[in-house]
Amino acid sequence: MKIAVIPARGGSKRIPRKNIKTFFGKPMIAWSIKKAIASELFDKIIISTDDDEIAKIATKYGAEVPFIRPAELANDYTGTTEVIAHATQWFIDQGWQISSVCCIYATAPFIQVEDLRRAWQTLESGNWAYAFSATDFAAPIFRAFSEHPDGGIEMFFPEHFSTRSQDLPRALHDAGQFYWGQPSAWLENKRVFDRHSVPVLIPRWSVQDIDNEEDWIRAEMIAPMIINRKS
């Protein structure tokens, strides 16, 4: 069985109730459920939540909520890997024969179905613990600088002040959409960003973190172009 797990706790702080806040006409979490269903990859689409309202809405849109996440895994300091490990162990305890578990974030409305499928194929193509969505930085990180309290600046990599952009290594970052993993990788709490993982590159236009109000506003502005795109 291939299982999708969408973690969605109720206590988001910077954007209250963001997992079920209306986004482009639907509760935010509905978009992740919709794409998981459309991919036709999953035998089960499970929500890991501590919140009754989130559970009710998620069920309405086609997901299952077979357990309530324990309170100790629903605080501000709990990592995603711990949450997916808990769900994975629950599946095993039910006697399910699971082959892979995909964490899909509840606030990832711009996921493209073809990216989910491509990532699963990538996970299966080699001896990988994880295959996850990533993209490249819009500007070279080796030319980045920080601002001092007095207003001056300092480069993080001053040795690259004169290096041409095309001569710098390409740097990637987590796209914050989905993470396919082997059940054993989740259970062992293996770190996602390591040599046993493979990034599945997606275009920058489909990547948008939604962590604060500014992120939300930007996402709303570009949603018509991305969500209405056929995928």
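For Cα pairs less than 8 Å apart in space and 6+ apart in sequence, what is the mean separation divided by the residue count of the stretch 21-106, i.e. the relative contact order in percent? Please list the in-between numbers first.
Working: 65 pairs, mean separation 22.9, N = 86.
It rounds to 27 percent for the stretch 21-106.
Add -39500 (n - 2.57) for each DSSP H run of 4 or more in the chain, then divide by its residues: what number comes out at 222 nm, to the nearest 500 deg cm²/dmol?
On the way: 6 runs with 67 residues, N = 231.
Rounded to the nearest 500, it is -9000 deg cm²/dmol.
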Fill in: the stretch 17-169, accessible area per residue, ligands and nucleic acids excluded (1.4 Å, Å²)
51
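State which entries of K21/K60; K21/K56; K18/K44; K2/K26; K13/K34; K26/K60 exceed 18 angstrom in Cα-Cα distance in the structure shown. Mind dumping the intermediate values first?
Numbers: K21/K60 15 Å; K21/K56 14 Å; K18/K44 24 Å; K2/K26 26 Å; K13/K34 25 Å; K26/K60 12 Å.
Beyond 18 Å between Cα atoms: K18/K44; K2/K26; K13/K34.
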Discussion item. Within the stretch 1-112, what whole-number % of the accessible surface is contributed by carbon and sulfur, with the 1.4 Å probe and all protein chains included in the calculation?
Written reply: 49
Practice prompt. Taking only Cα atoms and a 10 Å spring cutoff, compute GNM fluctuations for the chain and point out the largest among S162, S32, S184.
Written response: S162
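The values are calculated or read from the model by the stated rules, or taken from the named source; none is laboratory data. These numbers were taken from a predicted model, which means no experiment stands behind them. Quick note on the areas: whole protein, heavy atoms, side chains included, nothing else; ligands and nucleic acids left out. Shrake-Rupley method; radii C 1.70, N 1.55, O 1.52, S 1.80 Å.
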